[in-house]
Amino acid sequence: MIRLLWLSAAVVFLDQASKLWILATFDEYEVLTVLPVFNLTLVYNTGAAFSFLSDAGGWQRWFFITVASVVTLVMAIWLHRLRPHERLAGVALALVIGGAVGNLVDRIWLGKVVDFLQWHWQQWYWPSFNLADSAITLGVVLLLLDGVLGWRRERESGSPR
């Protein structure tokens, strides 16, 4: 399953390429309306999801670098230990690893994460995010789906997987 790290590398590449393009093209807070409900805009996040701890004074940068590094290592070990039939879990872990590394690169390089995707409805705005965040979200959803499917298989067969 460790061969799935190509997917992690692809996520990191696409995430960093898109962020480099945004940084070269947009000024901070500049907005390009793509659809009536979707914008591209350059914003920075010094915190975590939904700007959690973004105003913590700077220590959070090192905290999030440490957390992302530990989570990436644990998930890489988990990925390495998966059995060949656990492909969905492998893809999910590879997506989360790629997303975590993509945002980790930002934190190390810039001290903050580059976000640029923005959904909204009229005056209600979802917090901006990036491709790494999308990969993490998709990976977590796939891990949950894998867990539910595994639980169903156990119930139907009467034995643990």
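The values are calculated or read from the model by the stated rules, or taken from the named source; none is laboratory data. Everything quoted here is computed from the prediction, not taken from an experiment. Note that we place each Cβ from the backbone using ideal geometry, even for glycine, and neighbour counts take in every protein chain shown.
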**Message:** Yes or no: region 84-96 includes at least one residue that is modelled with pLDDT under 95 and in a strand (DSSP E or B).
**Reply:** no
**Request:** Go through region 125-143 residue by residue and tally those that are surrounded by fewer than 14 Cβ atoms within 10 Å (Cβ to Cβ) and at pLDDT 95 or above.
**Result:** 1
**Asked** Since residue 115 meets every condition but one in (1) charged (D, E, K, R); (2) buried (at least 18 other Cβ atoms within 10 Å of the Cβ); (3) assigned to a helix (DSSP H, G or I), which condition does it not meet?
**Response** (3)
**Request:** Give the number of residues within region 37-50 that are at pLDDT below 95 and surrounded by fewer than 15 Cβ atoms within 10 Å (Cβ to Cβ).
**Result:** 2
**Asked** Taking region 1-36 on its own, how many of its residues are in contact with an Asp or Glu (Cβ under 8 Å, 6 or more places away or on another chain) and either surrounded by fewer than 19 Cβ atoms within 10 Å (Cβ to Cβ) or outside any helix (DSSP H, G or I) (or both)?
**Response** 1
